[in-house]
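Asks: Mind having a look at this structure? Questions to follow.
Values in this text are rule-based calculations from the coordinates and carry no lab data. Predicted model, so just to flag it, every value in this text is computed and none were measured. Ideal geometry is used to build each Cβ from the backbone, glycine not excepted, and the neighbour counts take in all protein chains shown.
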Amino acid sequence: MTNLIPIISQKEIHDRVTDIAHRISSDYKNKDFVLIGILKGSFIFLSDLTRAITIDHEIDLVGTSSYSGTETTGIIEFTKKVDLQLEGRHIILVEDIVDTGRTLAALINYFRSLNPASIKICTLINKNERRELTVAVDYACFTIEKGFIVGYGLDYNEKYRNLPAIFDLQF
Ligand SMILES: O=P(O)(O)OC[C@H]1O[C@H](OP(=O)(O)OP(=O)(O)O)[C@H](O)[C@@H]1O
Ligand code: HPA
Ligand SMILES: [Mg+2]
């Protein structure tokens, strides 16, 4: 038996995503920058974030996968690489959640090798309880201590991504 406990409403998500989009719009004024969504989990956050940013930017997507159930396998598989040329450009990696930090640590290594002008991290949820690797998060909509989170793009074994709000999945 699992239970879905509501923790963040659609209105709270909308308000925070709008705030972060405005901060990015101000920080990147007159800069050439690319939002890079990390699939699959970021697809809903990315689509709301990009539409709330008020200045020109481009979008690319990278895919990684490492979770089985609620645990990381520790192996970050790349399921899709980027298409755009990123050398000399400012990039913002857009995540749904930073948990152990392993996915972002692997991605930062990959993106550094492409010689961008800068790399920043934007996440919907920054979750501290299981952090193993230090990741400098530049923009976080929500910081939470613990739980396994689903909805608004986040899944448990590929389910619940379609839920419009954010829930703690309890077992
Ligand atoms: O900080 P970590 O412990 O590495 O966890 C965070 C990563 O795990 C999830 O991806 P997942 O591998 O489940 O792929 P998905 O986005 O397709 O669900 C999530 O979307 C993040 O990318
Ligand atoms: O709490 C989580 N929920 C969904 N996917 C995840 N991937 C890492 N942590 C999580
Ligand atoms: Mg997942």
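Asks: Would you mind calculating the gained length between residue 71 and residue 118 on full extension (0.36 nm times residue separation, minus the Cα-Cα distance), in nm to one decimal?
Replies: Roughly 13.9 nm would be gained on extension.
Asks: Determine the principal axes of the Cα atoms in the range 81-127, then give the extent along each, sorted from largest to smallest and rounded to whole angstroms.
Replies: Projected onto its principal axes, the Cα set of the range 81-127 covers 31, 17, 16 Å.
Asks: So, one more: Between the helical axis of 102-112 and the dominant principal axis of the chain, each derived from Cα atoms, what acute angle in degrees is found, rounded to the nearest 10?
Replies: 10
Asks: Here's something else I'd like to know. Which pairs break 26 Å Cα to Cα here: 31/159; 80/146; 11/159?
Replies: 31/159; 80/146
Asks: Restricting to Cα pairs below 8 Å that are 6+ residues apart, what does the relative contact order work out to for the chain? Please round to a whole percent.
Replies: Computed value for the chain: 26 percent relative contact order.
Asks: At what distance in nm do the modelled label points of residue 79 and residue 171 sit from each other, each positioned 7 Å from its Cα along Cα→Cβ?
Replies: With each label placed 7 Å out from Cα toward Cβ, I get 2.1 nm.
Asks: Related question: Which aspartates and glutamates have a Cα less than 13 Å from the Cα of residue 127, not counting those fewer than 8 places away in the same chain?
Replies: 95, 96, 99, 145, 168
Asks: Now a separate question. Cα-Cα pairs above 24 Å in the chain: how many percent?
Replies: 32
Asks: Can I ask one more? Calculate how many DSSP beta bridges within the chain are antiparallel, expressed in % of all such bridges and rounded to the nearest 5.
Replies: 35
Asks: Follow-up. Compute the acute angle (0 to 90°) between the alpha-carbon long axis of helix 43-52 and the principal axis of greatest extent of the alpha-carbon atoms of the chain; round to the nearest 10°.
Replies: Relative to the chain, helix 43-52 is tipped by roughly 50 degrees.
Asks: Between helix 10-27 and the chain, what is the angle of the helix's C-alpha long axis to the longest principal axis, kept within 0 to 90° and rounded to the nearest 10?
Replies: Around 20 degrees separate the two axes.
Asks: Quote the relative contact order of the range 1-91 in percent (integer), defining contacts as alpha-carbon pairs under 8 Å separated by 6+ residues.
Replies: Relative CO of the range 1-91 lands at 28 percent.
Asks: Determine the shape class of the range 3-77: with a ≥ b ≥ c the square roots of the Cα gyration tensor eigenvalues, call it rounded for a/c under 1.5, and otherwise prolate if a/b is greater than b/c, oblate otherwise.
Replies: oblate
Asks: Hey, another quick one. Assigning unit charges at the beta carbon (Lys, Arg +1; Asp, Glu -1) and nothing else, what dipole magnitude in debye, to the nearest 20, does the chain show about its Cα centre?
Replies: 80
Asks: Return, for the Cα atoms of the range 41-81, the radius of gyration and Dmax in Å, separated by a comma.
Replies: Spelled out, the Cα radius of gyration and Dmax of the range 41-81 are 13.6, 38 Å.
Asks: Something else: Where the centroid of each part is defined by its Cα atoms, how far is the range 72-110 from the range 38-61 in Å?
Replies: With the range 72-110 and the range 38-61 each reduced to a Cα centre, they are spaced 14 Å.
Asks: Additional query: With r defined as the distance between the Cβ atoms of residue 158 and residue 50 and R0 fixed at 35 Å, what FRET efficiency is calculated, to the nearest 0.05?
Replies: FRET efficiency, residue 158 to residue 50: 0.90.
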